[in-house]
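Here is the structure we will look at, set down as structure tokens.
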Amino acid sequence: MKKILFATTALVATAGVASAEVALTGSAEMGVFGGNYADTQFFTDLDVTFTMTGEADNGLTFGATIDLDEATDTPDFEDPSVQGGENMFISYGGMTLTMGDTDGALDKLVPEMALAGGSLADDETVHAGFQHGDGDALGITGLDGLGDGQIARLDYAYDAFTFSLSAEQVADGADVSGMGDTVWGIAGAWSGTVSTVDLTVGLGYQAVDDYAATTGLGVVAGLAGGFSAGIDYSNTDIDGVSDDVNHWGLGLGYEMNALAVGFNWGQFDYGNDYKDSGYGLAAAYDLGGGLSAKFGFGHSDGDSFSDEVNTYSLGLAMSF
Amino acid sequence: MKKILFATTALVATAGVASAEVALTGSAEMGVFGGNYADTQFFTDLDVTFTMTGEADNGLTFGATIDLDEATDTPDFEDPSVQGGENMFISYGGMTLTMGDTDGALDKLVPEMALAGGSLADDETVHAGFQHGDGDALGITGLDGLGDGQIARLDYAYDAFTFSLSAEQVADGADVSGMGDTVWGIAGAWSGTVSTVDLTVGLGYQAVDDYAATTGLGVVAGLAGGFSAGIDYSNTDIDGVSDDVNHWGLGLGYEMNALAVGFNWGQFDYGNDYKDSGYGLAAAYDLGGGLSAKFGFGHSDGDSFSDEVNTYSLGLAMSF
Amino acid sequence: MKKILFATTALVATAGVASAEVALTGSAEMGVFGGNYADTQFFTDLDVTFTMTGEADNGLTFGATIDLDEATDTPDFEDPSVQGGENMFISYGGMTLTMGDTDGALDKLVPEMALAGGSLADDETVHAGFQHGDGDALGITGLDGLGDGQIARLDYAYDAFTFSLSAEQVADGADVSGMGDTVWGIAGAWSGTVSTVDLTVGLGYQAVDDYAATTGLGVVAGLAGGFSAGIDYSNTDIDGVSDDVNHWGLGLGYEMNALAVGFNWGQFDYGNDYKDSGYGLAAAYDLGGGLSAKFGFGHSDGDSFSDEVNTYSLGLAMSF
């Protein structure tokens, strides 16, 4: 639930000045988590988000965001040459430029397969078969974060279409031997209704010269009766490695009244019969007013694991 | 003084949604402090507290808190497996479950002896004779914080009685040889009026199997004319140590109009005639609007000290 | 643009209690920066400021401030014996006492030469010829920060005059051999109109016994047609060094409607023909509502540099 801390411009600003504002929102989670590699233990988490928005005289809107947890992380958010959790944007009409802690084009527009529900420990999205599209999985898919995470992305929305173009400097603008200087990304998405199905299709491409290129595709369909289903595919071509990395994933969701349940499965195929896969389950029950009960389960298995890994979490999530 | 940053739900939420909110409060202190082991030097301190509260559809209330100074400390508050300053609760009727940065049952319900006033440097509560009930004194009394500080406590209030049950995992759920896996605590308190005396009595017990057990008792009486008086006692039995640690303490308070003065004395007896004791004095004068002048003095002496230690602080405290 | 998060005292406090408040303001910058020693790279920066204010019953006002970026820096702002970004003040009539992260007397009252505009990377004030008056330049001018940065300053405003007296302990109150125990500062300023010129004159002196003494003078004149001009001079006498350090600087500013442009030049003369100098240019165009476009350029040259250094930055600055 978003709240705006009202700018009492009447008190401190001259009349007629457009009001910029700082909004505070928060979240907290309490419960237990564990798995076959960890004892069941207490889970406590919390965050506060500062959301700043304004509007220039010409109608251009702008804003910036940082989370309290990001503010205390390294790299330091106050260092302008790196991304330390901060992001900011300007927007005019359907065009928006965002910089800092934001998704690359592929991650922004290609749907992921966690379609409904959610959990305290994100069990359903941290298993070995989940494709984030942001470079988390072995650092070779998505390519976001290959540099210092300082991404610039231009979005353009037109009718049911959205297009995105992104750039992340690999080494603060310098050229790195065998890699290049910039991660470029381009992606497009379409959302609309086909018969009674709410369809979203996203296609993205992200690449660093001389290093790697990823192509990602995702389709999600909102069906009747609260059901949803999706499928994604990605191909990553790494320079100097003979086999491409291919990923297939699928997701199912169900939402009815206060209940939301999501299931997803995915597999990374590194070639030569070397594969990792996993599935995740998330269930949430909305108690209203920002409170919900959540359960998550994740399962990972494959050639990178000597034994399968199971994780789970259970508890309450609060949003303020 | 508590302030609520209003949730302008009218702007951003659909009508009828219960409003969760984030409140910001602050404090600051300026002055000087010193003692016989330190030159007199400037004292500057400040904190900001984020207090989040909400109410679910069924009337269950919930909330979470973090301080800005805790947010920047280690361990990291965003790590769900440890406590880094965050806490959160759910409450229904007289029952409340709190997790994270909160007191164990003994510390929650057994009164401490700093009855009135307060100081910038907490001189009156950091001397060698003060019993905090939270494990600060030599790490053997109170037992809070023996693990990662992530405490779960269930409180139940019924009429004039309050009961608390708490648990803190020693090592994220694992069993530690010679210690056990959990610090358990149980406590009860009663508050009421006997003749013209406002009485609060608290009794608590906290223990880790195979390591130590503490029993604490505290009584505070609010007398006529602004006077208050209290006494506390604790016994700590450490496994493998022949002598128990015993603590006696007493406190006096006086509050009249804007003035509040507190005095306390206490002694830890480690057996074999090995003792530490100390006393503290705190005085505060309320200037209104959140501003007060404060003075504190603490004195420590005993067998752990080659020489006695005196500390003092003087200055202004602000609350916003 | 400053906004006050309203204290809804009506909800949580008893009637008649003066309302202390916590205000949140923010800023963000996005763009690019670079120079002849660095590739052009993305620039992202953000900050949030907590401003707390209150008023005591007797009319004395008080307050405190911290920035989110300072809160996450070391030294830790919650350590009362050092300055970690926090400051607080009390004020009554024309008299104000400020402690913590604040300017010494010289820096407070002697004008600097960045008269108009501003840039993302502060190019116009970080070049080798700029006199900050706060001890940044080689640590020998201004002397602020010679200790732990915990400054106490008393300001007194009377008619068009302001006087300041400041103290910073070199080593938490201890005497340091060859240096002394305290940085003392004293300064005075006058602001008024002479014919049609808005004039500000500031003179300050800051010294540590047995170490160094700085005298600074600055004059700024606001002229007709949006023009302003200024000149500053400082002399620093370092014990045991035969030559004084002398600095000359000048500044020019122009502001017309939404445009503001500033230029400054300065030179440090360390004696024996050893000199460093630099100039800076800053331009800002106000787009309204808190948004402005900014450009900065800085140039450093001199005997401390094997080659000249140029830096620039370009982008958008937002204030919320």
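FYI, it's all coordinate maths here, none of it is from the lab. Predicted model, so just to flag it, every value in this text is computed and none were measured. Here Cβ is always computed from backbone atoms with ideal geometry, including for glycine, and neighbour counts include all displayed protein chains.
With 20 Å bins beginning at zero, the pair-distance distribution over Cα atoms of chain B amounts to 27, 61, 12, 0 %.
For C:His132, the label point sits 7 Å beyond Cα toward Cβ; its separations from the matching points on the remaining copies run 3.6, 3.7 nm, from shortest to longest. At q = 0.12, 0.13, 0.17, 0.26 Å⁻¹ the log10 of I(q)/I(0) for the range A:235-318 amounts to -0.51, -0.57, -0.78, -1.19, computed by Debye summation with a single uniform scatterer per C-alpha, solvent ignored.
Each copy carries a label point for C:Asp198 at 7 Å from Cα along the beta-carbon vector; from one copy to the others these points are 5.5, 5.5 nm apart, nearest first. In the assembly of identical copies, B:Asp273 has its label point, taken 7 Å from Cα in the direction of the beta carbon, separated from the corresponding points by 8.0, 8.1 nm (ascending, one decimal).
Residue by residue along A:167-178, Cβ atoms of other protein chains within 10 Å of the local Cβ number 2 on average. How many angstrom separate the Cα center of the range B:234-285 from the Cα center of the range C:51-123? That distance is 39 Å. Mean per-residue shielding of peptide B:281-294 is 4, counting Cβ atoms of other chains within 10 Å of each Cβ.
According to the calculation over all Cα-Cα pairs in the protein assembly as shown, the P(r) per 10 Å bin from zero is 2, 9, 17, 22, 19, 16, 11, 3, 0 %. With a Förster radius of 41 Å applied to the C-beta separation of A:Asp210 and A:Leu259, the computed FRET efficiency comes to 0.25. For the range B:32-144, the average shadow cast by the Cα convex hull is 9.7 nm², which is a quarter of the hull's surface.
Remark: chain A carries a charge dipole of roughly 1400 debye about the Cα centre, counting +1 on each Lys and Arg Cβ and -1 on each Asp and Glu Cβ. Taken one residue at a time, the phi angles of the range A:89-98 give Karplus couplings (6.51, -1.76, 1.60, θ = phi - 60°) of 8, 10, 9, 8, x, x, 9, 9, 10, 10 Hz. Gly and Pro are set to x.
Residue-wise HN-Hα couplings along the range A:203-212, as the Karplus relation 6.51 cos²θ - 1.76 cosθ + 1.60 with θ = phi - 60° gives them from phi, are 10, x, 9, 9, 8, 10, 3, 6, 9, 6 Hz; Gly and Pro carry x.
A simple packing score, the average count of other Cβ atoms within 10 Å per residue, orders the peptides B:314-320, C:70-76 as B:314-320, C:70-76, with the highest score first.
Sorted by average packing, counted as other Cβ atoms within 10 angstrom per residue and highest first, what order do B:40-52, A:47-59, B:121-133 take?
Final packing ranking: B:121-133, B:40-52, A:47-59.
Using the Cβ-Cβ distance between B:Asp307 and C:Asn272 with R0 = 60 Å, the FRET efficiency computed as 1/(1 + (r/R0)^6) comes to roughly 0.70. In plain terms, the residue of B:Ser304, C:Ser177 with the fewest other Cβ atoms within 10 Å comes first and the most crowded comes last, giving C:Ser177, B:Ser304. Once the Cβ-Cβ distance of C:Thr74 and A:Asn58 is raised to the sixth power relative to R0 = 60 Å, the FRET efficiency obtained is 0.90. For peptide C:26-37, the mean count of partner chain Cβ atoms within 10 Å of a residue's Cβ comes to 5. What's the long-distance tail for the range A:140-192, i.e. % of Cα pairs beyond 15 Å? Summing the P(r) of the range A:140-192 above 15 Å gives 52 percent of all pairs. Mind grabbing the base-10 log of I(q)/I(0) for the range C:145-267 at q = 0.09, 0.10, 0.15, 0.18 Å⁻¹? Debye formula, identical points on the C-alpha positions, no solvent, two decimal places. With no solvent term, the Cα-only Debye profile gives -0.35, -0.43, -0.84, -1.04. Projected onto its three principal axes, the C-alpha set of the range A:248-287 covers 48, 12, 7 Å, listed from the longest axis down.
With the convex hull drawn around the C-alpha atoms of the range B:94-215, the volume per residue stands at 117 Å³.
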